[in-house]
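Computed from the coordinates by the stated procedures, all read-outs in this text should not be read as laboratory data. From a predicted model like this one, the values you see are computed outputs, not experimental measurements. All Cβ positions, even for glycine, are placed from backbone atoms using ideal geometry, and neighbour counts span all protein chains on display.
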Amino acid sequence: MAARRTRRPSPARTRRTAAKAAAAAPRDDVSTRERILAAALEVFAESGFDGARTRDIADRAGANLGLLTYYFDTKQGLWQAAVERAFGELSEELAQVTAPQPGDDERAQLERVLRRFVAFVARQPAFMRLMNDEGKRDGPRMRWLADHYVASMSAAIRALIERAQARSLVPAVPVVSAYYIALGAAGLVFSQSPECAYVTGVDPTRASFAESHADALVRLLLGP
């Protein structure tokens, strides 16, 4: 007897399924889409792109699986949208603290950047986990992240460090080293919060931890 062939759903059928899911979706489309993006960032961070399943993302978001296709078409589209949402929030927050203020100097700007970044990754540890995972290999997603977000953000912060060093406001160490030391020191404890809690008994998810961590980071990297 010949083996039965497993037929994949046709594109038309997939679109009909997504359309039915969209018709059954809550009226608050923005809220539903935001829940899906938040869940996607967490699942991609936990499982990696290849290991992440769209069904798991839908379940975590409390959404119909067909809505993922309706909103984002593909898994790659969902990944990009989740990353864009996270970087959009980060860029908006950093823009609020990088603008010069009266009587300001570059050290004060760097301190505000450090504190705001710590606060962001404390709220969004999945962001650091995803970035650490994608940044460890040279691939299309790493390059997409770099070309769209990381390269420009890194260049702006490194330029700020250089200006602060030129005025002897911060320690004169290699700028690339300073940038990655700050990046790792700011976010590692939050991306590895279960390990920190188990090994040290200190829970980085406590509301008070982020501020004390930022204080320590400023003293270590920028001096008194």
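Counting other C-beta atoms within 10 Å, and keeping those with at most 14, which DSSP coil chymotrypsin sites (Phe, Trp or Tyr not before Pro) do you find in segment 65-115?
In loop regions of segment 65-115 (DSSP not H, G, I, E or B), there are no sparsely surrounded chymotrypsin sites (Phe, Trp or Tyr not before Pro).
Based on the Cα coordinates of the chain, what is the per residue volume of their convex hull in Å³?
Per residue, the Cα convex hull of the chain comes to 179 Å³.
Apply the membrane-span-like helix rule to the chain: whole DSSP H runs, Cα extent along the own long axis of at least 20 Å, mean Kyte-Doolittle hydropathy at least 1.0. List the helices found.
175-191
Taking the Cβ-Cβ separation of Arg53 and Gln101 as r and a Förster radius of 45 Å, what is the calculated FRET efficiency to the nearest 0.05?
Calculated value: 0.45.
Per residue of the chain, what 222 nm ellipticity follows from adding -39500 (n - 2.57) for every DSSP H run with n ≥ 4, rounded to the nearest 500?
Value at 222 nm, helices only: -24000 deg cm²/dmol.
Quick one: compute a quarter of the convex hull surface over the Cα atoms of segment 92-182 and quote it in nm².
Reported value for the Cα convex hull: 6.3 nm².
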